[in-house]
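Notes for the one structure printed next.
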Amino acid sequence: MYEQHARPLQGYVLQLLGGDLQRAEDVVQETLLRCWRNQQLASGGQDLRPWLFKVARNLVIDDYRLRRARPKEVDGTAWLEDVLADNDDVDRVLSSLVLGKAFQTLSPAHREVLYETYYTGRSTREVSLLLGIPPGTVKSRLYHAVRKLRLALGVTEVVEEKPVIAAK
């Protein structure tokens with residue numbers, strides 16, 4: 001059975017797997033093993049090739065689905081990259097201290113609007129109703145508060161200039 005069906009089956013599976021020879025060999029082996037376990041099929045005298053190809057195709061599909069459901073496998077060095085890429089608590093504490101100091105440079109009205117909008121996640125309308133001020137005032141205070149906060153943090157805004165086209 002192996003001599004008769006293994007080579008064409010392996011060619012078919014190899015094509016399905018995009019040239020991965022080791023996985024193709026595993027699928028062919030599993031397919032022929034299932035045929036051998038099913039004694040009725042093996043001794044029935046019927047053409048096994050359609051059945052073998054269908055089983056092999058199903059095994060490839062099952063393997064594909066299993067690989068997609070399982071987390072991606074990584075080599076042994078990936079942990080080092082993760083450790084180096086993570087910010088530690090010291091960076092977080094320093095950032096919060098700098099941000100807190102910059103936040104204190106804002107007026108109470110600006111701090112209040114920033115807090116309600118960004119920290120609590122309220123919309124402009126919700127902040128307007130909560131603070132009892134018009135929505136336009138909320139937008140204006142928010143705009144100026146963000147600009148002042150950027151200045152306090154030393155963040156510079158990049159203004160893109162439009163190219164000047166000379167007239168002929």
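The values are calculated or read from the model by the stated rules, or taken from the named source; none is laboratory data. All values reported here derive from a predicted model rather than from experimental measurement. Note that each Cβ is placed from the backbone with ideal geometry, even for glycine, and that neighbours are counted across all protein chains shown. Ligands, DNA and RNA are excluded from the accessible area calculation, which covers all protein heavy atoms including side chains. Shrake-Rupley method; radii C 1.70, N 1.55, O 1.52, S 1.80 Å.
Show the residue pairs that are 6+ apart or on different chains and have beta-carbon atoms under 9 Å apart, the first residue being within the stretch 1-13 and on the phi > 0 side of the Ramachandran plot and β-branched (Val, Ile, Thr), the second being at pLDDT 90 or above and part of a helix (DSSP H, G or I).
none
If I go through the stretch 92-108 residue by residue, how many of them are over 14 Å from Arg147 (Cα atoms) and among the small types (Gly, Ala, Ser)?
3
Results for (1) out of contact with any strand residue (DSSP E or B) (no Cβ under 9 Å at 6 or more places or on another chain); (2) loosely packed, with under 10 Cβ neighbours inside 10 Å; (3) at pLDDT 75 or above, shown as yes or no for each residue.
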{"residue": "Val83", "(1), (2), (3)": "yes, yes, no"}
{"residue": "Asp89", "(1), (2), (3)": "yes, yes, no"}
{"residue": "Ser96", "(1), (2), (3)": "yes, no, yes"}
{"residue": "Pro108", "(1), (2), (3)": "yes, yes, yes"}
{"residue": "Tyr115", "(1), (2), (3)": "yes, no, yes"}
{"residue": "Glu126", "(1), (2), (3)": "yes, no, yes"}
{"residue": "Tyr143", "(1), (2), (3)": "yes, no, yes"}
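Could you list all residues from the stretch 24-41 that are closer than 15 Å to Arg57 by Cα, open to solvent by 80 Å² or more (accessible area, probe 1.4 Å) and either outside any helix (DSSP H, G or I) or modelled with pLDDT under 90 (or both)?
Arg34, the sole residue that qualifies.
Suppose the filter is part of a helix (DSSP H, G or I), at pLDDT 85 or above and open to solvent by less than 90 Å² (accessible area, probe 1.4 Å); does Ile61 pass it? Write out each step before concluding.
Numbers: part of a helix (DSSP H, G or I): yes; at pLDDT 85 or above: yes; open to solvent by less than 90 Å² (accessible area, probe 1.4 Å): yes.
It is true that Ile61 is part of a helix (DSSP H, G or I), at pLDDT 85 or above and open to solvent by less than 90 Å² (accessible area, probe 1.4 Å).
Which one is surrounded by the fewest Cβ atoms within 10 Å (Cβ to Cβ) among residues in the stretch 11-23 that are of a type outside the set (Lys, Arg) and under 12 Å from Val60 (Cα atoms)? Before the answer, list the steps.
Residues of the stretch 11-23 of a type outside the set (Lys, Arg): 11-22.
This time we only want the ones that are under 12 Å from Val60 (Cα atoms), so: 12-18, 20.
Working: Tyr12: 19, Val13: 24, Leu14: 17, Gln15: 10, Leu16: 20, Leu17: 17, Gly18: 8, Asp20: 13.
Ranking the qualifying residues of the stretch 11-23, first place goes to Gly18.
Name the pairs: first residue in the stretch 24-37 and small (Gly, Ala, Ser), second residue part of a helix (DSSP H, G or I) and crowded, with 22+ Cβ neighbours inside 10 Å, Cβ to Cβ under 8 Å, at least 6 apart or on different chains?
Ala24/Val13
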